[in-house]
Amino acid sequence: MKIVVFLGPTMPVEDARTLLPDAVYLPPAGQADVLSAMTIHRPDVIALIDGVFGQSLAVWHKELLYALHCGVAVFGSSSMGALRAVECAHFGMVGVGTVVGWYQDGTVTGDDEVALAHAGAEDGYFPLSEPLVNLRAGLAAAQEAGVIDGALRDRVVDAAKRLFFPERTRDRIWAEAGLSAEEAGRLDAFLATGAVDVKRQDAEALLRHLAGLTPDRLPPRVPFAFNRSHFFDVLYDRDRRVEKGGHTVPLSAIASHAALHRTDFAEINAAALGRLLAVQLADVVGVVADGQAVAEEVQRFCVRHGLADPAALAGWCRRNDLTDAEFAELMRELATERAMRRWLIDRRFLARTTRPVLNELRLRGLYETVAADAALVERVSELQFADVAQQPTESLDQLVLDHLASTDARMDSHYEGWSYEAGFKDPLDLRIDLVKARQVRGFLADLAREAEEAVRQAASGGADARTGSEAGPETGKEDVA
């Protein structure tokens, strides 16, 4: 089982590894970090202990619900994890520890109860304030030890509560509570050895629980419908990070890089938006790609990319940061786009795809060359192969194979479906043009061979002539001698 733990100031990672050595430890979670972890690490279990907030966007509930919906077991404790565990419990997130219990029974209610000001990771998350839940636990221990009474405990808690969480240092809280020097000294003396770090205790309890977890003891999955809102899609499609070359990068940065550096980006962008437009239009006109069409699209894709088996396809998906579900969705889009093209061809009837294809050739600067080549084929065919008796007898299968072997043309599916999308009326129509192309190709090849032979013979004759003219004087010299 692969376990990912988001951990920061609650306890050092080195200490956590002694309890759960094989987990992947990541810094405190911010927004999109859970989605990124699911893409990069593909965990079975996510443990959320610490999370960022304030100047950074906090981990979103929707991310955790998505993980749960995808079958990932999600646990929380101590800090941000405790808050989210209580908030997402209805959807199957499991909370562990005292702090979770306090939120559940109403002992504490505010987010600030677990908040902590601290230094950065480079300084070991050195604490700059006192989490209120820890102060509550320490004061309860002091009361139980008879160091303070309930009234003093409540006075200190109320004072801490009035302060903004970064200001919750003991000196500041004692002053806000109006403690006498004797009260402050008595409390400081007890907390010097009796302070309770309930957040760390909860984190340790969670890590010990995960260390003993086995696949058959994962929490039961709670079924629910996950609603992919627009803002979730923005987070998923743009802010989610993937790992490349040992670094992580947001998906939006990859697209922006392509826009700024690829010379063919205009074509890439047009194809991408065109596919989306086709899918949108398909909804309007009621065109649906069925399971068979999607399966054929997968086959065409594998042929086009040289993916010979499921392992090769899985490797391609991994390198392209696609889950199985995302790949299936991409194939559905392609199948829908193809279904829309067929829908359009049907409606163009005898006009078929001729005009839009010619316009595309013009736009790509290919029209003049292609038109000249086509005219040559037509002229040679008219002059040399007008007699239908010269028609070859090969099957259409053989003609297709010969054409693909002799030219740069490519078909990524059976010629019956391919020919319709390529603008041929039917396979017979395709056969006529394949025959013409084969005859002209063979004729021009014969001409080329004849020309080459003529050149070779001419070169050979010239060489012989030169040899003869050079040999004469030498023979004469021998005669003289």
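The values are calculated or read from the model by the stated rules, or taken from the named source; none is laboratory data. These figures come from a predicted structure and were not determined experimentally. Counting neighbours? That spans all protein chains shown, and the Cβs are built from the backbone with ideal geometry, glycine included. These area figures cover heavy atoms from the full protein model, side chains too; ligands, DNA and RNA do not enter into them. Shrake-Rupley method; radii C 1.70, N 1.55, O 1.52, S 1.80 Å.
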Across the range 369-381, the tally of residues that are open to solvent by 60 Å² or more (accessible area, probe 1.4 Å) and within 16 Å of R438 (Cβ to Cβ) stands at 3
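With the structure loaded, tell me whether T369 is of a type outside the set (A, V, I, L, M), in contact with a helix residue (DSSP H, G or I) (Cβ under 6 Å, 6 or more places away or on another chain) and farther than 30 Å from A37 by Cβ or whether it fails that test. Show your work before the answer.
Values: of a type outside the set (A, V, I, L, M): yes; in contact with a helix residue (DSSP H, G or I) (Cβ under 6 Å, 6 or more places away or on another chain): no; farther than 30 Å from A37 by Cβ: yes.
So T369 fails the test.
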Pick from the range 383-423, criterion under 29 Å from F349 (Cα atoms) and among the aromatic types (F, W, Y), ranking: least open to solvent (accessible area, probe 1.4 Å) = Y415
Before we move on, is M11 in a loop (DSSP other than H, G, I, E, B), open to solvent by less than 50 Å² (accessible area, probe 1.4 Å) and either more than 25 Å from V234 (Cα to Cα) or without any contact (Cβ under 8 Å) to a residue 60 or more places away in the chain (or both)?
-> yes
Residues of the range 30-88 being surrounded by fewer than 22 Cβ atoms within 10 Å (Cβ to Cβ) and acidic (D, E), in sequence order, are D44, E87
Going through the range 417-441 in order, the residues found to be within 23 Å of R341 (Cα to Cα) and part of a helix (DSSP H, G or I) are G417, W418, S419, Y420, E421, P427, L428, D429, L430, R431, D433
Based on what the data block shows, is T18 more than 21 Å from G101 (Cα to Cα) and in the same structural domain as E113 (by the TED database)?
-> yes
Do we find that G30 is of a type in the set (G, A, S), over 21 Å from G92 (Cβ atoms) and in contact with a Ser or Thr (Cβ under 8 Å, 6 or more places away or on another chain) in this structure?
-> yes
Looking at the range 89-98, is at least one residue surrounded by fewer than 21 Cβ atoms within 10 Å (Cβ to Cβ), closer than 16 Å to R200 by Cα and in contact with an Asp or Glu (Cβ under 7 Å, 6 or more places away or on another chain)?
-> yes
With respect to A142, is the statement that it is touching a residue at least 40 places away in the same chain (Cβ under 8 Å) and either among the polar types (S, T, N, Q) or under 26 Å from A159 (Cβ atoms) (or both) true?
-> yes
Can you name the residue in the range 248-272 that is polar (S, T, N, Q) and closer than 21 Å to L322 by Cβ and, of all such residues, is least open to solvent (accessible area, probe 1.4 Å)?
-> S252
Test: E360 is of a type in the set (D, E) and crowded, with 16+ Cβ neighbours inside 10 Å = no
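Residue under question is E297, and the condition is that it be closer than 30 Å to G30 by Cβ and outside the structural domain of A58 (by the TED database); does it hold? Please lay out each step first, then the result.
Numbers: closer than 30 Å to G30 by Cβ: no; outside the structural domain of A58 (by the TED database): yes.
Against the criterion (closer than 30 Å to G30 by Cβ and outside the structural domain of A58 (by the TED database)), E297 does not qualify.
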Could you say which residue among R186, R240 is closer than 25 Å to L83 by Cβ and surrounded by 12 or more Cβ atoms within 10 Å (Cβ to Cβ)?
-> R240
In the range 424-452, the residues that are open to solvent by 60 Å² or more (accessible area, probe 1.4 Å) and either in the same structural domain as L334 (by the TED database) or farther than 19 Å from E382 by Cβ (or both) | K425, L428, R449, E450, E452
A205 versus (1) surrounded by 12 or more Cβ atoms within 10 Å (Cβ to Cβ); (2) in the same structural domain as L135 (by the TED database); (3) not charged (D, E, K, R): which is the lone unmet condition?
-> (2)
Restricting the search to the range 378-399, which residues are within 18 Å of F443 (Cα to Cα) and either at pLDDT 90 or above or not in a loop (DSSP other than H, G, I, E, B) (or both)?
-> E378, R379, V380, S381, E382, L383, Q384, V388, A389, Q390, L399
Only listed residue being on the phi > 0 side of the Ramachandran plot and without any contact (Cβ under 8 Å) to a residue 60 or more places away in the chain, chosen from G120, G92, G110, G106 | G106
Can you name the residue in the range 344-357 that is aliphatic (A, V, I, L, M) and either in contact (Cβ under 8 Å) with a residue 60 or more places away in the chain or loosely packed, with under 11 Cβ neighbours inside 10 Å (or both) and is also nearest to W418 (Cα to Cα) among such residues?
-> I345
Please work out if G194 is within 50 Å of the chain's Cα centre (by Cα) and at positive phi.
-> no
Count of the range 325-341 residues which are in contact (Cβ under 8 Å) with a residue 40 or more places away in the chain, open to solvent by 50 Å² or more (accessible area, probe 1.4 Å) and either touching a Lys or Arg at 6+ places or on another chain (Cβ under 7 Å) or closer than 17 Å to Q299 by Cβ (or both) | 1
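Output the residue which, of all residues in the range 14-49 that are assigned to a helix (DSSP H, G or I) and of a type in the set (S, T, Y), is farthest from A117 (Cα to Cα).
Once the filter is applied, the top-ranked residue is T39.
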